[in-house]
Amino acid sequence: MVVGHFNHGWRGPESDADELFVKSLAAELGLPMEVGHPAQSAPVLPLGPGEGDKARRTEASARRARYHFLEATATRLGARYVVAAHTADDQAETILQRIIRGTGLAGLAGMRRTRPLGPAVTLIRPLLGFRRDELLTYLQSLGQDYRQDATNADRRFTRNRIRHELLPLLAEHYYPGAAQSLLRLGALASEAQQVIDQQTNELIERCVVQENAALRLDCQVLGSQPQYLIREVIMAAWQSQRWPEGAMGLAEWQRLAEMIFDQGHAPPAPSMFPGGVRACREGRFLVLSARPSRPA
């Protein structure tokens with residue numbers, strides 16, 4: 001077991017104090033530790049009042065950097081798993097945030113208990129079934145100190161406003177068990193998504209072929225399937241190549257799905273999608289390929 005800590009450096013001395021606390025605890029437990037820092041870390045959180053969009057970009061960028069460090073460290077050390085401490089409260093916040101922004105069934109399921117973090121590394125979340133207060137009470141019963149990241153109280157971040165404003169408002173004025181209702185919704189969505197995932201995997205075996213750097217999807221097989229399942233197959237095929245998904249919304253996935261049904265006699269012009277992914281019909285196949293990276 002190795003302790004991993006990523007110091008974003010946003011809070012200057014406070015961030016460094018967090019790092020020292022984790023180092024001290026790891027040493028006390030006799031565990032080795034790996035520390036990561038951003039390539040270009042700012043001494044304080046680089047945001048001003050009213051910079052909501054920038055806050056969202058900063059939050060997403062920080063998450064990517066953190067998980068990249070954890071995956072790279074695990075790979076270098078030959079570790080198969082990265083363990084994260086997300087709680088049931090984090091899950092309820094995630095589900096509500098996705099509902100507000102717009103999501104599908106997979107998004108309603110919230111964070112998965114396990115998911116691939118890299119080719120040989122799996123992220124696991126063993127504490128998703130526990131509420132935050134339960135864990136804090138447990139730590140107090142052990143006499144174990146802990147650190148609170150002040151960034152989690154910064155309401156420039158959407159996630160923090162959901163945590164400190166919206167969920168308490170729902171509990172106080174609408175339904176006291178709002179968070180628990182969100183968790184039940186997530187559990188039901190997860191069960192349904194598991195069935196869809198099984199159907200998707202079976203279809204992929206039948207109709208998706210890897211050919212060099214391209215994917216060939218058999219439109220005759222896919223064309224008889226429901227629209228939602230066609231989108232799921234396309235998304236799973238896309239994800240298998242680790243192509244960028246950030247700019248792929250429902251409209252883009254639907255546009256790809258509609259190409260499955262293109263029965264024109266002349267091959268349509270190739271369509272370009274975010275991340276430099278090219279899609280075109282070649283006879284009965286929809287071919288997806290990524291634009292090669294330019295040499296440095």
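Let a ≥ b ≥ c be the square roots of the eigenvalues of the Cα gyration tensor of the range 3-173; is it rounded (a/c under 1.5), or, if not, prolate (a/b larger than b/c) or oblate? Rounded shape, in that the Cα axes give a/c under 1.5. Using Cβ point charges alone (K and R +1, D and E -1), the dipole size of the range 3-173 about the Cα centre works out to roughly 780 debye. Calculated mean residue ellipticity at 222 nm for the chain: -15000 deg cm²/dmol, from DSSP H runs with n ≥ 4 weighted as -39500 (n - 2.57), summed, divided by the residue count and rounded to 500. Relative to the longest principal axis of the Cα atoms of the chain, the long axis of helix 227-240 makes an angle of roughly 70 degrees. Subtracting the Cα-Cα distance of VAL221 and THR122 from 0.36 nm times their residue separation leaves 32.5 nm of extension gain. The Cβ shell under 14 Å around TYR228 holds other residues with a net charge of -2, Lys and Arg each +1, Asp and Glu each -1.
Compute the relative contact order of the chain as a whole-number percentage, counting only Cα pairs closer than 8 Å that sit 6 or more residues apart in sequence.
13 percent
Once you charge only the Cβ atoms, +1 for Lys and Arg and -1 for Asp and Glu, what is the size of the charge dipole of the range 121-279 about its Cα centre, to the nearest 20 debye?
It comes to approximately 420 debye.
Rounded to 0.05, the FRET efficiency of the TYR138 and THR75 pair, given R0 = 35 Å and the Cβ-Cβ distance, is 0.65.
Entry note, the range 212-290: relative contact order of 40 percent, from Cα contacts under 8 Å with a spacing of 6+ residues.
What the phi angles of the range 155-171 give under the Karplus curve with 6.51, -1.76 and 1.60, with θ = phi - 60°, is a coupling list of 7, 6, 8, 3, 4, 6, 5, 4, 5, 9, 10, 5, 4, x, 5, 4, 5 Hz, glycine and proline written as x.
Couplings 3J(HN,Hα) for the range 72-85, derived from phi with the Karplus relation 6.51 cos²θ - 1.76 cosθ + 1.60 (θ = phi - 60°), are 5, 5, 4, 4, 5, 8, x, 7, 8, 10, 10, 9, 10, 9 Hz, where x marks Gly and Pro. Applying 1/(1 + (r/R0)^6) with R0 = 45 Å to the Cβ-Cβ distance of GLN148 and ARG291, what FRET efficiency is obtained, to the nearest 0.05? Computed FRET efficiency for GLN148 and ARG291 comes out at 0.50. With only Lys, Arg, Asp and Glu charged, each at its Cβ (+1 for the first two, -1 for the last two), find how big the charge dipole of the chain is about the Cα centre; round to the nearest 20 debye. The calculated dipole for the chain is roughly 580 debye. Applied to the range 59-65, the Karplus parametrisation 6.51 cos²θ - 1.76 cosθ + 1.60 on θ = phi - 60° returns per-residue 3J(HN,Hα) values of 4, 5, 5, 5, 4, 4, 4 Hz, with x for Gly and Pro. Listing MET248, MET111 from fewest to most neighbouring C-beta atoms within 10 Å gives MET111, MET248.
Computed from the C-beta positions of LEU166 and MET1 and an R0 of 45 Å, the FRET efficiency is 0.80 to the nearest 0.05.
If the chain linking VAL209 and LEU29 were pulled fully straight, counting 0.36 nm for each residue of separation and taking away their Cα-Cα distance, it would gain 59.9 nm. Centre-to-centre, using Cα atoms only, the range 135-179 and the range 58-110 are separated by 17 Å.
Exposure proxy for PHE21, PHE157: other Cβ atoms within 10 Å of each Cβ, ordered fewest to most, give PHE21, PHE157.
All of the numbers you see were taken from the coordinates with simple rules; none came from a lab. Nothing here was measured: the structure is a model prediction, and the numbers come from that model. Virtual Cβ from ideal backbone geometry, glycine too; neighbours counted across all protein chains shown.
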